[in-house]
Amino acid sequence: MDIRSIAMVPSWAVVFFPMLIEAHNRATGSRATTVREVWPNLEVYFSGAVALSSYEELMRRQIGAEDMVFIENYGASEGVVSFQDHPDDDDMLIHLDNGVFFEFVRADDSSDSPQRLSIAEVEPDVRYSVHVSSCSGLWSYGIGDVVRFTSTDP
């Protein structure tokens with residue numbers, strides 16, 4: 001098939017790609033060694049669920065295309081947190097319009113009652129733990145992740 005984009009968890013992709021190549025070679029008798037040889041028009045990989053950075057180099061080799069575009073999103077069971085809005089910039093925009101209210105606690109605040117900050121109060125280059133309240137019933141739930149804002153505008 002003429003596959004041009006794919007969305008997958010990176011840790012699954014690095015297992016799937018060799019299996020895809022093997023199945024293709026078995027079915028066609030060819031000797032492909034990269035995904036691009038199987039899907040020559042593959043251009044975009046949409047990533048989520050785990051950090052792309054740990055897998056991107058291996059995936060580029062498996063795909064066989066330095067020009068491959070990778071787009072990452074940060075979704076959690078609690079809701080979509082952020083998404084990459086430009087392929088040439090690894091920064092992500094926080095998704096503020098999806099029924100999830102975000103609060104942030106400085107990761108270096110070890111007090112018994114740390115101050116919770118709204119998105120309007122965060123500062124760039126400070127590490128924060130993420131807490132969410134949602135329309136699905138979560139209330140001030142710490143999701144266990146730490147983020148760092150690179151900018152507050154946008």
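Annotations for the structure displayed:
- Restricting attention to region 14-30, the residues that are in contact with a helix residue (DSSP H, G or I) (Cβ under 6 Å, 6 or more places away or on another chain) and either open to solvent by 70 Å² or more (accessible area, probe 1.4 Å) or on the phi > 0 side of the Ramachandran plot (or both) total 0.
- Residues that are in a loop (DSSP other than H, G, I, E, B), in contact with a Phe, Trp or Tyr (Cβ under 9 Å, 6 or more places away or on another chain) and without any contact (Cβ under 8 Å) to a residue 40 or more places away in the chain, drawn from region 1-50: MET1, ASP2, ILE3, THR34
- Every condition in (1) within 19 Å of PHE83 (Cα to Cα); (2) modelled with pLDDT of 95 or more is met by PHE16 except one, and the failing one is (1).
- Residue within region 107-124 that is touching an Asp or Glu at 6+ places or on another chain (Cβ under 8 Å), closer than 25 Å to ARG4 by Cβ, of a type outside the set (Gly, Ala, Ser) and loosely packed, with under 14 Cβ neighbours inside 10 Å present: no
- Complete set of residues in region 62-78 that are surrounded by 13 or more Cβ atoms within 10 Å (Cβ to Cβ) and either in a helix (DSSP H, G or I) or under 18 Å from the mean Cα position of the chain (by Cα) (or both): GLN62, ILE63, MET68, VAL69, PHE70, ILE71, GLU72, ASN73, TYR74, GLY75, ALA76, GLU78
- From SER11, SER53, SER82, SER5, residue being open to solvent by 30 Å² or more (accessible area, probe 1.4 Å), under 30 Å from VAL132 (Cβ atoms), at pLDDT below 95 and of a type in the set (Gly, Ala, Ser): SER53
The values are calculated or read from the model by the stated rules, or taken from the named source; none is laboratory data. Since the structure is predicted, the reported quantities are computational estimates derived from the model, not experimental observations. Glycine gets a Cβ as well: all are built from the backbone with ideal geometry, and neighbour counts include every protein chain shown. Just the protein is used for accessible areas: all its heavy atoms, side chains included, with ligands, DNA and RNA removed. Shrake-Rupley method; radii C 1.70, N 1.55, O 1.52, S 1.80 Å.
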